[in-house]
Amino acid sequence: MRIFFLLNMNNKSYQNELDRYFQAINHSEIPERVLFKGNLSKARAKLKHDAFIELNDHAVQFFYDRFPAETWFGFNLLAIDGSTLRVPDEAEIMEHFGGWATTKGKKKICPKARVSQMFDVLNKITVDGIISPKSDGERELAAFHFLKLQPQDLILLDRGYPAYWLFNLALSLGVNFCARITYERWNVVKKFYRSGKREAIVKIEPSPQSIRKCFEMGLDKKPIKVRLIRVELDSGETEILVTSLTDKRKYSYDLFSDLYHLRWPVEEDYKTLKYRLQVENFSGKTVHSVYQDFHAKLFSKNFVATIATTTKKQIIKKSEGLKFLHQINFTQALAGMKNTIVLLFHRKQKRIATYIEKIRLLFIQTTEAVRPDRKYPRRHRVKQQRFYLEYKTTC
């Protein structure tokens, strides 16, 4: 029961969510007071957050084994990207996760955790998610994601990630990559940038820091052969990509501009986590509860995304004759699964199949138009909503 309750995408007051949980599973007309919040708090303290990580691992494996996943030239496109989350302002949590000094007014430390995810951008599935102390670097967290990579995966990385040791690690696992790279920090890339060529095969050497990393990880330190790609953006900016896909006949130059920008859904998924699922709206005041809430909501999001993938063909068919192609409205899909997701874990197999079919029908009926070439300027300073445990909403 503890696991199922935490999977219900809870954002309201603890007791309110608990009462509505029993209302849902008992098909009651009004909320039911079956347990008090103190009872659940004691029970969840004994539940390891690893349970949700294992659930997600099984769900991801089930998806790739049973569902027709979209791929790019046979590759699963996995974007790795990091962010931060505001965590409850409690001494224990601050000590564990750390914090950032605010820039406004008096210097105050804001408790924050670092998060990272490896996200399938074509199928909208989080293959692996991590929440950790802010002292952990994004590249180091990316290396942990690599433990779950398969040879058919292609990693997409933003410009903060490129490092010889990380590329070397990927190649040692038989995995390919494509990343945006900052030419100012790499002499070989700077030389390519100044040459004006649109692509080139080069070798990159390890820096002293990468040599130390390779030694720690048991990797060799030989130069790595990579391919550099120049992309001229509409803004007039020049973008340099680095990739392990060196076969020019199989992977032509024209593919890479669109390939790299396919990573954008991972940015959008953080919006889903933060603003739709309210992942920062934690239900407890302990380090343990922070880990539980984060991984529980990650699994619930993946669960909804998995069902959503089964509706693509019907939605495309529904779009025939319309001005624009339609896609599922994922925000509405998440809303529709609130208090429904728990029923799927409390009903017999025959009824579960009926529930899922009804959910699929709801998703197919709840779509939005995809308007091509629509662009919005990126907002780097977005005021984030703050959540207070003392002032949880009731509805």
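Surrounded by 22 or more Cβ atoms within 10 Å (Cβ to Cβ), closer than 27 Å to Glu239 by Cβ and of a type outside the set (S, T, N, Q): which single residue out of Leu173, Leu156 fits that description? So that I can check it myself, show each step before the final result.
Values: Leu173 fails: surrounded by 22 or more Cβ atoms within 10 Å (Cβ to Cβ).
Just one listed residue meets the conditions, Leu156.
Consider only pairs whose beta carbons are under 7 Å apart and that are at least six residues apart or on different chains; among these, list those whose first residue lies in region 4-20 and is under 14 Å from Asn39 (Cα atoms) and without any contact (Cβ under 8 Å) to a residue 40 or more places away in the chain and whose second residue is among the basic types (Lys, Arg) and open to solvent by 10 Å² or more (accessible area, probe 1.4 Å).
Gln15/Lys37; Leu18/Lys37; Asp19/Arg33
Restricting attention to region 87-101, report how many residues are assigned to a strand (DSSP E or B) and in contact with a Pro (Cβ under 7 Å, 6 or more places away or on another chain).
Of the residues in region 87-101, the ones assigned to a strand (DSSP E or B) are 99-101.
Within this subset, residues satisfying the condition of being in contact with a Pro (Cβ under 7 Å, 6 or more places away or on another chain) are 99.
Of the residues in region 87-101, 1 are assigned to a strand (DSSP E or B) and in contact with a Pro (Cβ under 7 Å, 6 or more places away or on another chain).
Assuming Gln150 fulfils every condition listed in (1) farther than 19 Å from Asn56 by Cβ; (2) open to solvent by 70 Å² or more (accessible area, probe 1.4 Å); (3) at pLDDT below 95 apart from one, which condition is it?
(1)
Within region 129-147, can one find any residue that is modelled with pLDDT of 95 or more, buried (at least 22 other Cβ atoms within 10 Å of the Cβ) and part of a strand (DSSP E or B)?
Looking through region 129-147, at least one residue is modelled with pLDDT of 95 or more, buried (at least 22 other Cβ atoms within 10 Å of the Cβ) and part of a strand (DSSP E or B).
Quick one: how many residues across region 149-159 are in contact with an Asp or Glu (Cβ under 7 Å, 6 or more places away or on another chain) and free of Cβ contacts under 8 Å to residues at least 60 places away in the same chain?
Initially, region 149-159 is screened for residues in contact with an Asp or Glu (Cβ under 7 Å, 6 or more places away or on another chain), giving 158.
Of the ones still in play, those that are also free of Cβ contacts under 8 Å to residues at least 60 places away in the same chain are none.
Within region 149-159, residues that are in contact with an Asp or Glu (Cβ under 7 Å, 6 or more places away or on another chain) and free of Cβ contacts under 8 Å to residues at least 60 places away in the same chain number 0.
Tally the residues that are in a helix (DSSP H, G or I) and surrounded by fewer than 17 Cβ atoms within 10 Å (Cβ to Cβ), restricting the search to region 1-15.
3
Can you tell me which residue is surrounded by the most Cβ atoms within 10 Å (Cβ to Cβ) among those in region 282-299 that are more than 18 Å from Val342 (Cα to Cα), touching a Ser or Thr at 6+ places or on another chain (Cβ under 9 Å) and of a type outside the set (A, V, I, L, M, F, W, C)? Walk me through it before giving the result.
From region 282-299, those more than 18 Å from Val342 (Cα to Cα) are 282, 284-291; that's our starting set.
Going one step further and asking which of them are touching a Ser or Thr at 6+ places or on another chain (Cβ under 9 Å), we end up with 282, 284, 289.
When the remaining residues are screened for being of a type outside the set (A, V, I, L, M, F, W, C), the result is 284, 289.
Working: Gly284: 19, Ser289: 22.
Top of the filtered list is Ser289.
Would you say Gly99 is in contact with a Cys (Cβ under 8 Å, 6 or more places away or on another chain), open to solvent by less than 30 Å² (accessible area, probe 1.4 Å) and not hydrophobic (A, V, I, L, M, F, W, C)?
yes
From the residues in region 240-267 that are of a type outside the set (Ser, Thr, Tyr) and farther than 18 Å from Val121 by Cβ, which one is surrounded by the fewest Cβ atoms within 10 Å (Cβ to Cβ)? Don't jump to the end; show me each part of the working.
As a first pass, look at region 240-267 and keep what is of a type outside the set (Ser, Thr, Tyr): 240-242, 245, 247-250, 254-256, 258-259, 261-267.
Subset that is farther than 18 Å from Val121 by Cβ: 240, 242, 247-250, 254.
Details: Ile240: 20, Val242: 25, Asp247: 8, Lys248: 11, Arg249: 5, Lys250: 9, Asp254: 8.
Looking at residues that are of a type outside the set (Ser, Thr, Tyr) and farther than 18 Å from Val121 by Cβ, I get Arg249.
Going through region 29-58 one residue at a time, which ones are in a helix (DSSP H, G or I), open to solvent by less than 40 Å² (accessible area, probe 1.4 Å) and in contact (Cβ under 8 Å) with a residue 60 or more places away in the chain?
Those that are in a helix (DSSP H, G or I), open to solvent by less than 40 Å² (accessible area, probe 1.4 Å) and in contact (Cβ under 8 Å) with a residue 60 or more places away in the chain: Arg44, Phe52, Asn56.
Which of (1) more than 30 Å from Ala113 (Cα to Cα); (2) touching a strand residue (DSSP E or B) at 6+ places or on another chain (Cβ under 6 Å) is the odd one out, the single condition Ala308 does not satisfy?
(1)
Quick check on region 309-318: of everything there that is in a helix (DSSP H, G or I) and open to solvent by 10 Å² or more (accessible area, probe 1.4 Å), which residue is nearest to Leu334 (Cα to Cα)?
Here the answer is Thr309.
The values are calculated or read from the model by the stated rules, or taken from the named source; none is laboratory data. From a predicted model like this one, the values you see are computed outputs, not experimental measurements. Cβ atoms come from the backbone with ideal geometry, glycine included; neighbour counts cover every protein chain shown. For accessibility, only protein heavy atoms count, side chains too; no ligands or nucleic acids. Shrake-Rupley method; radii C 1.70, N 1.55, O 1.52, S 1.80 Å.
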